[in-house]
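Working notes, structure below.
Read-outs: derived from the displayed coordinates by stated rules, not from any lab. Here the structure is a predicted model, which means the values were calculated and not measured. Using ideal geometry, Cβ is built from the backbone for each residue, glycine included, and neighbour counts are taken over all protein chains shown.
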Amino acid sequence: MTLSKTLISIMFLTLLAACGGPGESADVPEAQPAEASSADIGDYVVHFSAQTTDQLPREVARAYQIQRSPERAMLNVSIIRKADNMSVTADVAVKTRNLTQQLKNVEMRQIDEQDAIYYIGETKVANRETLIFEITVKAEGAAQPSDVIRFQRQFYTD
């Protein structure tokens, strides 16, 4: 083997070692289970989801005046009464922050659609930003608000 091939091979192996290639002590990340998308709060179940608005069909975004963009996150919350499996109105409060504790404004608005009632709110989001949502619900007829429902989602805008 020539000197240049040997030198290139050594440089490649050094680079590979510096990059933390697989070894006995290598940490292999475990697959994470899907996060919950609902919470039981006594007589009600709260369903929630968060996604970028570019995932919405154009006609849905237009009908509900939602700006479609990979840089906008949308939170969707609905409250179902267990006794009759019906949507109910509620006071829905949301506190949203990212991992650096920056607060994100998410104003929720009620959407009534035939027998369904749900609440949506939007905020700007950066690529790979993780948002932590804290939702408090006081369903119609409930004596007091629920405990805080907390979940997080990471968003990709590329």
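For the range 94-127, name all the residues that are polar (S, T, N, Q) and in contact with a Leu (Cβ under 7 Å, 6 or more places away or on another chain).
Going residue by residue through the range 94-127, those that are polar (S, T, N, Q) are 96, 98, 100-102, 105, 110, 114, 123, 127.
Hits for the range 94-127 are T96, N98.
Consider T130 against the criteria (1) surrounded by fewer than 13 Cβ atoms within 10 Å (Cβ to Cβ); (2) touching a Leu at 6+ places or on another chain (Cβ under 8 Å): it satisfies all of them except one. Which criterion is unmet?
Exception for T130: condition (1).
Would you kindly identify the strands (runs of 3 or more DSSP E) lying entirely within the range 90-158 that contain at least 1 residues that are in contact (Cβ under 8 Å) with a residue 24 or more places away in the chain, of a type outside the set (V, I, T) and over 14 Å from A73 (Cβ atoms)? I'd like the intermediate steps shown before the answer.
On the way: elements: 90-98, 109-113, 116-124, 129-139, 149-155.
Strands (runs of 3 or more DSSP E) meeting the threshold: 90-98, 116-124, 129-139.
Checking S78 against (1) in a loop (DSSP other than H, G, I, E, B); (2) under 21 Å from L56 (Cβ atoms); (3) touching a residue at least 40 places away in the same chain (Cβ under 8 Å): exactly one of these is not met. Which one?
Evaluating S78 over (1) in a loop (DSSP other than H, G, I, E, B); (2) under 21 Å from L56 (Cβ atoms); (3) touching a residue at least 40 places away in the same chain (Cβ under 8 Å) leaves (1) as the failure.
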